[in-house]
Amino acid sequence: MLELWEKEKIYEKALARRQDQKGKKQFILHDGPPYANGHLHLGHALNKILKDIIVRSKTMAGYYAPYVPGWDCHGLPIELQLMKELKVTDKHKVDRTTFREQAREFAQKFVDIQRQEFKRMGILSDWEHPYLTMAPAYKQTIIDCFKDLEKRGYVYRGKKPVYWCTTDETALAEAEVEYENDPGPSIYVAFPLHSPPNFNEDAGGHGDEKKAELWTSGSVAFVIWTTTPWTLPANRAIAAHPNEDYVLFEESVSKKKYIVAAKRLEDFQKTCGFSGQVLDHTSGDTFKGAFAEHPWIKDLYVPVLLAGFVAMDTGTGLVHIAPGHGVEDFALGVAHDLEVYSPLDDRGRFTEDVPEWKGLHVFKANPLIVEFLKEKGVLLHSQEITHSYPHCWRCHRPVIFRATEQWFLDIDKNKLRERLLNELKKVTFYPEFGRNRITGMVESRPDWCLSRQRLWGTEIPSKEPQKEPDIFDVWFESGVSWAAVLKQRPELAYPADMYLEGSDQHRGWFQVSLIPSVALEDKAPFKSVLTHGFVMDGEGRPMSKSLGNVIAPEEIIKQYGADILRFWVASSDYGGDVRLSPEILKGLSDNYRKLRNTFRYLVNNLGDFDPAKDTVSAKDLPELDRWALHRLQEEIHEATAAYETYQFHRVTSRLVNFCNTDLSSFYLDVIKDRLYCDPAGSLSRRAAQSVLYRLIDALLKLLAPILSFTTEECWRFLGHGVSVALEDFPSPPPSPLGRGRSEATGEGEEFVHRWDLILSLRKYILGRLEMSRSTGTVKASREAKAIIGIRDKPNFDLFSTYEKELSALFGISGIKLILDPTLNDVWTADVHKADGIKCARCWIYKMDVGIQKQWPDICKRCADAIEVEEVKR
């Protein structure tokens with residue numbers, strides 16, 4: 001079938017068919033590029049199948065909807081995978097030119113592999129002309145956008161702290177950092193007071209000398225709390241909150257005095273096991289101009305600075321400031337002209353500037369630093385705690401914050417942050433809570449670090465000669481795809497109607513695409529953003545090789561077929577995390593089988609039906625058939641509405657229920673008698689077939705975006721020469737009811753009420769039949785007749801008009817209605833054995849079986865039908 005689609009150019013034909021809608025009724029879904037570094041997993045399947053369902057459904061709804069796939073071909077994910085294959089452990093020991101050639105071949109290999117794997121999932125796309133971030137034209141757009149941003153003042157090069165992966169030896173963007181719970185040290189350290197606070201000096205320079213003496217006599221120290229002892233060599237200040245109350249606390253045993261925030265005193269005493277008394281209070285702003293001694297670095301006196309970011313929910317209310325290792329620390333340091341000091345190499349090891357731990361990785365140095373502080377007599381308390389700590393998204397190892405020379409994008413230049421937030425207000429989010437998620441991230445995000453210290457990527461143009469040129473952050477590369485793809489490809493348009501990715505991309509691709517687009521074009525690159533969750537196993541655990549719960553897409557396709565994979569995606573409420581397990585797959589395959597069996601039944605009963613000649617008009621249909629069309633109309637309306645709002649689980653759940661309940665369990669069961677026993681060309685049989693044809697036509701079109709292989713197979717089996725993907729969604733079929741009911745005549749309301757009553761009575765009768773079978777009164781429904789008591793005359797009159805049809809509707813051989821106003825219930829029923837003999841052909845018990853001697857074991861109606869067919873032969 002895939003070969004057939006390619007041979008017949010189904011994607012191209014679908015696009016050409018809507019060409020006249022370009023620029024008018026169009027829908028551009030811009031593909032977020034996956035990394036070309038391995039085989040596809042279920043997350044890829046969820047993402048790409050969702051996109052395919054949307055593009056197919058938009059096309060069938062009349063939209064011009066091109067879909068251009070893309071791949072992210074540069075950066076760390078591909079570099080690391082290649083290094084693993086080449087068994088390279090040190091990036092400094094490879095030839096840069098050779099490695100890049102190998103990386104290009106590696107990326108292209110997996111582009112080709114993933115392309116075939118995506119095709120096998122039934123994804124219709126312009127597979128022969130994808131966009132690749134390593135293509136020369138794309139790389140030129142990356143550089144052009146960078147230069148344009150630089151020209152407008154957004155880009156600068158400077159030394160400031162960034163997330164740094166010591167394993168991969170590169171800077172990381174915020175989107176490349178994940179938080180995990182890690183055990184680590186928690187210490188309280190004393191910084192001896194060097195020069196006193198400023199206690200209310202008057203205009204003449206005179207202050208409260210008694211108070212100053214109290215705060216400076218004896219052993220006095222500021223107390224800081226930190227979970228990163230390795231940053232203490234880079235300490236250059238202490239921060240206090242200007243509007244908080246601080247105390248001078250005297251410890252009862254040592255008589256040492258400690259300065260901490262009043263709000264943190266109780267926790268400080270409890271944690272350190274101290275008792276004592278508060279000697280005095282002062283406001284934080286009195287510390288302006290005070291200095292403390294570094295805990296061990298001789299002649300290093302660090303200022304006490306005032307900062308509003310000092311929190312009172314943890315620590316001591318005094319913050320250790322290392323401008324080379326923290327965002328707020330850096331900002332405070334720049335404001336007060338402090339040294340931005342970071343004595344570490346690219347692998348996170350102390351340099352010779354810290355002789356005590358030279359060559360030691362900072363995390364290995366932590367316990368040694370704690371012991372060193374203890375020996376110096378400045379460690380007040382230490383313990384191990386578990387806390388949330390940043391990790392590299394690729395190697396999953398803890399990262400550090402380190403000041404290095406990098407390229408940055410100024411997020412506040414030209415009021416960019418404000419403009420980003422304004423643009424987000426114009427975007428539609430599915431689900432809506434995505435708006436708050438990305439808004440909060442943009443509000444608090446730091447400047448964007450654009451440079452990386454790796455091998456495989458687009459080099460950043462720089463006037464400064466560098467031994468190993470920086471490359472662009474791959475997020476910047478994919479973030480300008482709107483410029484490289486949407487604005488370059490003639491079939492596409494900017495901005496896109498939709499970006500669709502996992503919910504983690506609020507901090508990733510959505511955000512990094514938004515920033516350069518607003519900076520350069522003053523608008524968001526997307527009109528709407530749709531996000532899906534992650535794939536979990538049946539117990540809600542993330543899939544991982546270590547847990548042994550990974551299910552590969554190809555395994556599902558091999559066992560069940562690609563349509564089960566597509567059915568899983570469509571049936572999932574993807575707004576949250578999506579579960580998949582062997583048990584879930586079995587349930588999905590059961591529901592899929594119900595749909596497929598319904599298709600088979602409908603097709604098998606249309607073998608002799610020519611819709612051009614045999615279709616019975618809606619006005620000539622029996623009421624049961626009109627009811628079936630009425631229900632079909634409702635399902636068409638609900639399914640197309642669900643497609644419009646991307647609620648595909650509503651499409652599948654409603655249509656499975658419709659096929660199972662309304663059709664298989666009722667309508668198709670009732671019309672079997674007409675289809676199998678009435679003369680082939682009779683009005684009654686052709687009427688049923690007319691409805692079957694409309695049903696299969698509508699169901700195949702409605703489910704084509706989801707069950708692309710099954711519906712295609714069935715569509716062509718019906719004799720259609722072109723793909724169902726080239727059809728339109730069904731319009732409501734002709735019916736006297738209009739959509740559900742006719743407000744002009746009121747007929748619809750009465751019709752729906754009438755059939756609701758009939759179906760309610762049918763449900764009651766089926767219950768009584770089940771009881772009769774269990775007691776042995778009858779063995780099969782056709783063996784039964786029902787005597788039905790009706791309490792209310794309006795209902796009696798209604799059912800009396802359908803008395804001839806009720807036996808067939810209830811699947812029994814006889815019925816008798818009795819008006820009985822004395823009944824407590826609205827109706828009752830007694831089930832008895834039917835009168836007459838079972839017809840060997842229609843299986844209904846009748847009194848006229850054998851009335852025509854040449855057919856001794858069938859009823860007159862069946863004998864007449866046979867004679868009609870014989871005459872035709």
Check whether at least one residue in segment 196-210 is out of contact with any Ser or Thr (no Cβ under 7 Å at 6 or more places or on another chain) and either crowded, with 22+ Cβ neighbours inside 10 Å or hydroxyl-bearing (Ser, Thr, Tyr) (or both), and report yes or no.
no
Within segment 228-271, the residues that are farther than 26 Å from Pro367 by Cα, hydroxyl-bearing (Ser, Thr, Tyr) and assigned to a helix (DSSP H, G or I) are none
Of the candidates Asp669, Asp573, the one satisfying the condition of being closer than 29 Å to Thr428 by Cα and surrounded by fewer than 19 Cβ atoms within 10 Å (Cβ to Cβ) is Asp573
Considering segment 844-853, residues that are of a type in the set (Val, Ile, Thr) and over 60 Å from the mean Cα position of the chain (by Cα), and then whichever is most open to solvent (accessible area, probe 1.4 Å), we arrive at Ile851
Within segment 826-843, the residues that are in contact (Cβ under 8 Å) with a residue 24 or more places away in the chain, within 15 Å of Cys859 (Cα to Cα) and more than 57 Å from the chain's Cα centre (by Cα) are Ala834, Asp835, Lys838
Log entry, pairs with first residue in segment 378-391 being among the aromatic types (Phe, Trp, Tyr), second being at pLDDT below 95 and open to solvent by 60 Å² or more (accessible area, probe 1.4 Å), beta carbons closer than 7 Å, six or more apart or on different chains, reads Tyr389/Tyr179; Tyr389/Glu180
Restricted to segment 506-565 and to residues being assigned to a helix (DSSP H, G or I), polar (S, T, N, Q) and within 18 Å of the chain's Cα centre (by Cα), the residue surrounded by the most Cβ atoms within 10 Å (Cβ to Cβ) is Ser513
**OP:** State whether the residues of segment 316-327 include one that is without any contact (Cβ under 8 Å) to a residue 12 or more places away in the chain and outside any helix (DSSP H, G or I).
**Re:** no
The residue from Arg754, Arg841, Arg768, Arg782 that alone is open to solvent by 30 Å² or more (accessible area, probe 1.4 Å), under 17 Å from Asp673 (Cα atoms) and part of a helix (DSSP H, G or I) is Arg782
Inside segment 276-324, the number of residues satisfying the requirement of being closer than 27 Å to Asp346 by Cβ, under 40 Å from the mean Cα position of the chain (by Cα) and open to solvent by 20 Å² or more (accessible area, probe 1.4 Å) is 0
When segment 585-601 is checked residue by residue, the ones that are surrounded by 17 or more Cβ atoms within 10 Å (Cβ to Cβ) and free of Cβ contacts under 8 Å to residues at least 60 places away in the same chain are Leu585, Leu588, Ser589
Checked against (1) within 20 Å of Pro77 (Cα to Cα); (2) loosely packed, with under 15 Cβ neighbours inside 10 Å, Glu477 satisfies every condition except (2)
(message) Kindly evaluate Tyr643 against the criterion of being at pLDDT 95 or above and closer than 23 Å to Ser813 by Cβ.
(response) no
task: For segment 66-76, state whether one or more residues are farther than 20 Å from His129 by Cα and not basic (Lys, Arg).
output: yes
Expected output for segment 245-260 (first residue polar (S, T, N, Q), partner part of a loop (DSSP other than H, G, I, E, B), Cβ below 6 Å, 6+ apart or cross-chain) is Ser252/Ser275
Residue set Ala322, Ala335; condition of a type in the set (A, V, I, L, M, F, W, C) and under 24 Å from Gln453 (Cα atoms); output residue Ala322
Those residues of segment 818-832 that are more than 16 Å from Thr777 (Cβ to Cβ) and either assigned to a loop (DSSP other than H, G, I, E, B) or open to solvent by less than 20 Å² (accessible area, probe 1.4 Å) (or both) come to a total of 7
Selection from segment 381-412 of residues hydrophobic (A, V, I, L, M, F, W, C) and open to solvent by less than 30 Å² (accessible area, probe 1.4 Å) yields Cys392, Val399, Ile400, Ala403, Trp407, Phe408, Leu409, Ile411
When Asp835 is run through (1) within 20 Å of Glu803 (Cβ to Cβ); (2) surrounded by 13 or more Cβ atoms within 10 Å (Cβ to Cβ); (3) not polar (S, T, N, Q), the failure sits at (2)
Within segment 473-492, residues being assigned to a helix (DSSP H, G or I) and polar (S, T, N, Q) number 2
For segment 69-83 the number of residues that are surrounded by fewer than 23 Cβ atoms within 10 Å (Cβ to Cβ) and more than 17 Å from Ile113 (Cα to Cα) is 2
Selection over segment 345-359 where residues are open to solvent by less than 80 Å² (accessible area, probe 1.4 Å) and either out of contact with any Lys or Arg (no Cβ under 6 Å at 6 or more places or on another chain) or part of a helix (DSSP H, G or I) (or both) yields a count of 6
The one condition Asn37 fails out of (1) more than 30 Å from Val722 (Cα to Cα); (2) in a helix (DSSP H, G or I); (3) open to solvent by 10 Å² or more (accessible area, probe 1.4 Å) is (2)
(message) Among the residues that make up segment 7-20, is at least one of them touching a helix residue (DSSP H, G or I) at 6+ places or on another chain (Cβ under 6 Å), among the charged types (D, E, K, R) and not in a helix (DSSP H, G or I)?
(response) no
For segment 340-360, the count of residues that are touching a Ser or Thr at 6+ places or on another chain (Cβ under 7 Å) and touching a residue at least 12 places away in the same chain (Cβ under 8 Å) equals 4
| said: Going residue by residue through segment 684-693, is there one that turns out to be farther than 30 Å from Ile866 by Cβ and touching a Ser or Thr at 6+ places or on another chain (Cβ under 9 Å)? | reply: no
Worksheet entry | Residue check, Ala865 within 27 Å of Ser665 (Cβ to Cβ), open to solvent by less than 70 Å² (accessible area, probe 1.4 Å) and touching a Pro at 6+ places or on another chain (Cβ under 8 Å) | yes
Note on Ile706: of the conditions (1) part of a helix (DSSP H, G or I); (2) surrounded by 18 or more Cβ atoms within 10 Å (Cβ to Cβ), unmet is (1)
Going through segment 413-455 in order, the residues found to be of a type in the set (Gly, Ala, Ser), open to solvent by less than 50 Å² (accessible area, probe 1.4 Å) and without any contact (Cβ under 8 Å) to a residue 24 or more places away in the chain are Gly440
Restricting segment 142-169 to residues that are hydroxyl-bearing (Ser, Thr, Tyr) and open to solvent by 20 Å² or more (accessible area, probe 1.4 Å), the one nearest to the chain's Cα centre (by Cα) turns out to be Tyr163
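The values are calculated or read from the model by the stated rules, or taken from the named source; none is laboratory data. All of these numbers come straight from a predicted model, not from anything done at the bench. Heads up, the Cβs are rebuilt from the backbone with ideal geometry, glycines too, and the neighbour counts pull from every protein chain shown. For the accessible areas, the whole protein counts, side chains as well, though only heavy atoms, and no ligand, DNA or RNA atoms are used. Shrake-Rupley method; radii C 1.70, N 1.55, O 1.52, S 1.80 Å.
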